[in-house]
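I have placed the structure first, in the form of C-alpha cells, so that the comments after it can refer back to it.
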Amino acid sequence: MQSRWSDREAQQSVARWQAHGEALALRVYTSRLIGQEPDLVLHGGGNTSVKTTMRDALGRDLQVLCVKGSGADLAAVEPAGLPALELEPLLQLRELPKLDDATMVRELRRRLLDPHAPDPSVETLLHAFLPHRFVDHTHADAILALCDQPDGERHVRAALGADVAVLPWIMPGFPLAKAVAAAFERQPRCRGIVLLKHGLFTFGASAQESYERMIALVDAAERHLAAKGAMPPPMLQGSTAVLPMVERTALLRRALPVLRGVLALPTEVADGPAAGVRGCERVIADVRTDDDLAAFAAHPDARALCSTGPITPDHVIRTKGSYLFLTVDEAVERGRDGCRGAVAAFVERYVRYHAEQAPRHGNPPIRMPAPNVVVIEGTGLVAFGSSQKAARIAADIAAHTLRVKAQAQALSRYEALTEAELFEMEYWPLELRKLGAQPRPLLGGQIALVTGAAGAIGCATAEILLEHGACVCLVDVDSTRLAKIGERLQRYRAQVLTVPADLTDPEQVERAFANCVLAFGGVDVVVSNAGIAHVGKLEDMDPARFAKVLEVNTTGTMLVLKAAAKVLRAQGSGGSVIVQASKNAFAPGAGFGAYSASKAAALQLGRIAALEFAAFGVSVNMVNADAVFGDDEVPSQLWQEVGPARMQARGLDAAGLREFYRERSLLKTTVLPRHVAEAVLFFASSRTPTTGAVLPVDGGLPEAFPR
Ligand SMILES: [Zn+2]
C-alpha cells in the first residue's frame, strides 16, 4: 500500500476549509484519503481525530477534540462530520474506575460545542486519552489477516517489529480507551497500536505523520503476507471446481429468485429454541462473482470459513457473524427444498446463539435471524439487505471478508471472536445506532420491472415506484430515450437499472427479466406498459401496420406476462402485475382500430393472468388511462403519433386538443402521467386483496366505465 498524500492537495484542502482552521482542514483531507482506500476501511468503519483550539462565544480559546461522528463515512467526510468536544472534561473521565455506556454517551454529548452536532464516535475517549494531536484508526485487511489468528501477536510482531504495541480483544468504549492509553504509556516510542481481532491505531504530531504511519504499517503487513505466500492466497487462485463465468450467471438466474423468495417468507422452525420464529421480509440482492470469490466458494474449506465470525466486529451489524454456504445441489438442483432447508437450519442456529447469549446482556429482542450473506459453491457471494444500499454495503464487506479469511488461512489459521464477544458487539446499542432507525418505505425491499419506461407514463411510473423505495428495472426499445430517462432518475443511483429490449422478441424479454434478477435478485412488481398506436380506418388499413401494433401491444404483453410468471412462480412470495390497457378497450374510437383491438386483447390477457397467477399468490390488475399527453421533457410517444390526426379531425391546435379532452371528462380534469402512476402504485403496494380489476384514470368517461 502506498501513501496517497499530496502536498498540492493538502494545500488545496487548507484553502477549501480555511474557515475551519488548518488542523481540521488537514484532518478532513487525510480522513478522506483513508476513507477512499477500501483495504483500510469500509462504509463508515474506522475513525480519526485532531486536537486543536476553537474560540467560544466569549472569545476564549478552548482545547477541543474533533472526532468523527458515529457511523459517518470517512471517504466523503466534511468538517461538520468531525464534531468538536471540549477536551479537558473528557480527560478527567479517565480517573473514573468505571463508566457505563449511557453515562459515557451523555457525557460526550454534554461536551459538544454544537449541541446539534452528530453523535461523536464510540471511540471518542480513546482518541482523547492518547496525547497525540492526530489519531487514525482503521480495520485494514492486511492487519486483520495477521491478527485474526490464535497467535495473532506473534504474527503482528513478525510483520511489524517491536515498535508497535499489541493489545488483546477488548470491547470498545471506556475500558478500551483506558487500555489503549495505558499501552501507549508503557511503550511511548511505539508508532502504532494493534488491537487483536479489531484493527490498528496510529498517531502523530501532524496529519501527514499519523496517516503515513498507518500506510507504512499496513504496507509492512502486506509485504509480510506476500513473503509468506498469503498475498494472493492459494485459496483465491482457482481450481477446476470454479464454475466458468457463464455457468455462474446461469446458476444465479435460477437460484436467486428461489433464494430471495425463501428469505421473504416467514421462517417457522418447528421445535427447539427456535420454535415459532417468524418475521422475514423482502430483500434486495447484490451479487459478486469475481474469479477470486468464486475460487473461495469452490474451496473445500469454504463452508467452514463461512461459519466463522467477522474479520472485525463492527461488520457484524451489516452481515451477521456467519454466512450461509450453499452447494450447487442446495442452490439449484434440489429446487426450493434445498434453499429452504439450508435457510431454516441457519435461522435455527442464529436463534440458538441469541437464546444462549441474550440473558447475559439484558435480553435484547432478536434481530432478523435470516442470513445476510450467502456463498454459493464455485460461484461467488450474494448479499441481501432491506435496500439496495444495505445489500451493497453487506456485499462489499463480505467480499473483503472472504479475501482476508483466505489470507489468514494461508498464513496460519483464521480465528474470529468467540460467540459471547461477538454477541456483545452485535447487540451493543451504540453499535446498532449506526444503522439508523428510518422507517421502511412502502415498497422497501421490492423490485419492479416497467416496460415502455422511456415514455411519459412509463417514466412517471418508474419514478413513483423509486420514490417509495423499490428498485426499478426500466425496459424500453428506444435505447437513446431510455438513457435520457436513466439520467433523469440519477438521484436514485443504483436503485435504477436500464435495459434496452424489443418486447416482440421472446429472447429479449427473457433477457430483460434475467438482467433484473441478476441486478436485484428477482422481481415483485411487473408493469406491462409499452404500447404503440396507428391511426387508420379499417377500409384503408395497412395489414402490416395492423400486425405491428398487435405484435407490440398484444404479443408483447403476452411475452412479458409469460416471463414474469416464471420468476414470480420461482420466488413463491406473491407480487403484483399491472397491465396498462386503455380506455379504448371499453370505448373504442373510429379510425383507431389497430390500437383499440390490441388493447382489448391485452386487457383480456391481463384477466387470464389474474386467473392463472393467483395460484402463486400474484395479483394482476389493469389501469385504463385516457388522453395522457406528458410534458415537454417526456412527451407521450402515443400522442405524438395520434395527436396530428386528432387535431385535424377536430380542427384544433395542440392546446385546443388538450382542452377538448379535459372538457370531455366528467371531472373536467387533465390526466397527467403522475395520475396513472399513482394507480399503478396502489396495485403495486398490494394494499387490498384485489385481482382482475380495472381502474380507470381518465377523469370520468361514462362510455368507458368497466363492465
Ligand atoms: Zn474500530
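The values are calculated or read from the model by the stated rules, or taken from the named source; none is laboratory data. Since the structure is predicted, the reported quantities are computational estimates derived from the model, not experimental observations. A quick note on method: Cβ atoms are made from the backbone with ideal geometry, for glycine too, and the neighbour counts reach across all protein chains shown. Calculation scope for accessible area: heavy atoms of the full protein, side chains included, ligands and nucleic acids excluded. Shrake-Rupley method; radii C 1.70, N 1.55, O 1.52, S 1.80 Å.
Some points to look at:
- A Förster distance of 41 Å, applied to the separation of the beta-carbon atoms of ARG488 and ALA437, puts the FRET efficiency at 0.85.
- Solvent-accessible area per residue in the chain equals 40 Å², computed with a 1.4 angstrom probe and all protein chains kept.
- Mean-position separation - Cα centroids, region 156-221 and region 608-682, in angstrom: 65 Å
- FRET efficiency for the ALA358 to ASP540 pair, using the beta carbon distance and R₀ = 56 Å, is estimated at 0.15.
- Summarising the strand pairing of the chain, around 50 percent of its internal DSSP beta bridges are antiparallel.
- With contacts taken as Cα pairs under 8 Å and at least 6 residues apart, the chain reaches a relative contact order of 10 percent.
- Each part reduced to its alpha carbon centroid, region 418-471 and region 347-416 end up 19 Å apart.
- Segment ALA420..ASP56, full-extension length gain: 126.6 nm, with 0.36 nm per residue of separation and the alpha-carbon distance subtracted.
- Rounded percent of accessible protein surface that carbon and sulfur make up, the chain, 1.4 Å probe: 52 percent
- In this simple spin-label approximation, ALA654 and HIS116 carry label points 7 Å from Cα along the Cα→Cβ vector, and these lie 4.5 nm apart.
- Across region 63-210, the mean sequence separation of Cα contacts (distance under 8 Å, 6 or more residues apart), normalised by length, yields a relative contact order of 25 percent.
- Farthest positive-ward along region 171-256 dipole, Cα basis, beta-carbon charges - from SER210, LEU256, GLY238: LEU256
- Taking each of LYS548/LYS668; LYS434/LYS484; LYS68/LYS389; LYS320/LYS566; LYS228/LYS434 in turn, the alpha-carbon distance tops 29 angstrom for LYS548/LYS668; LYS434/LYS484; LYS320/LYS566; LYS228/LYS434.
- In the chain, taking the dipole from charged Cβ atoms about the Cα centre, the farthest positive-side position among LEU42, GLY341, VAL382 is held by GLY341.
- In the distance distribution for the chain, Cα-Cα pairs more than 36 Å apart total 51 percent.
- As computed over region 668-707, the Cα convex hull volume per residue (Å³): 76 Å³
- For region 540-667: relative contact order, % (alpha-carbon pairs under 8 angstrom, 6 or more apart): 24 percent
- Structure-based [θ]222 nm, the chain - -39500 (n - 2.57) summed over DSSP H runs of at least 4, per residue, nearest 500: -13500 deg cm²/dmol
- Cα-based values for region 39-100, radius of gyration first and Dmax second, are 14.2, 44 Å.
- 0 to 90° range, to nearest 10: angle between helix 654-664 axis and the chain longest Cα axis: 80 degrees
- Gained length - GLU703 relative to GLN187, 0.36 nm times residue gap less alpha-carbon distance: 176.9 nm
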